[in-house]
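The structure under discussion appears below in the form of structure tokens.
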Amino acid sequence: RQYRIISDNARTMLGTIYLPAGRLIVDSSKPVADQSAYTVIVARQINLYEGPNLYLNANYGATSVPVPDGVGPKSGTAALRS
């Protein structure tokens, strides 16, 4: 399955996007999730097209939205895995 973010108004996406067997396509011309305290994406595939900037902030303590077990906060560096 494919899920798309095409809005130029997706500046706040607080929480978790869980698509373990899906594909997330980000195709907007403005930043996505840059105004969120944190965003977690679990997906089989993520595609960024043309101009979007996808922000994955990790300020977990700035919100009362629960953080899934195994996500954070933890020390170390963030990485994308294939």
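The values are calculated or read from the model by the stated rules, or taken from the named source; none is laboratory data. Given the structure is predicted, the values throughout are model-derived calculations rather than measurements. Glycine also receives a Cβ, built like all others from the backbone with ideal geometry; neighbour counts cover every protein chain displayed. To get the accessible areas, we keep the full protein, side chains included, count just its heavy atoms, and leave off ligands, DNA and RNA. Shrake-Rupley method; radii C 1.70, N 1.55, O 1.52, S 1.80 Å.
Laid out as a table, the results:
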item	result
Tally of residues being closer than 21 Å to D69 by Cα and assigned to a loop (DSSP other than H, G, I, E, B) across segment 35-54	2
Inter-residue pairs, beta-carbon under 6 Å, first of a type in the set (V, I, T) and in segment 54-82, second modelled with pLDDT of 75 or more and open to solvent by less than 100 Å² (accessible area, probe 1.4 Å), 6+ apart	T63/A37; V65/L14; V65/G15; V67/Y60; V71/V40
Number of the exception - T63 against (1) open to solvent by 40 Å² or more (accessible area, probe 1.4 Å); (2) at pLDDT below 90	(1)
Residue match in segment 1-18 (condition: part of a loop (DSSP other than H, G, I, E, B), touching a Pro at 6+ places or on another chain (Cβ under 7 Å), open to solvent by 50 Å² or more (accessible area, probe 1.4 Å) and at pLDDT 90 or above)	yes
Members of segment 1-27 that are among the aromatic types (F, W, Y) and within 11 Å of the chain's Cα centre (by Cα)	Y18
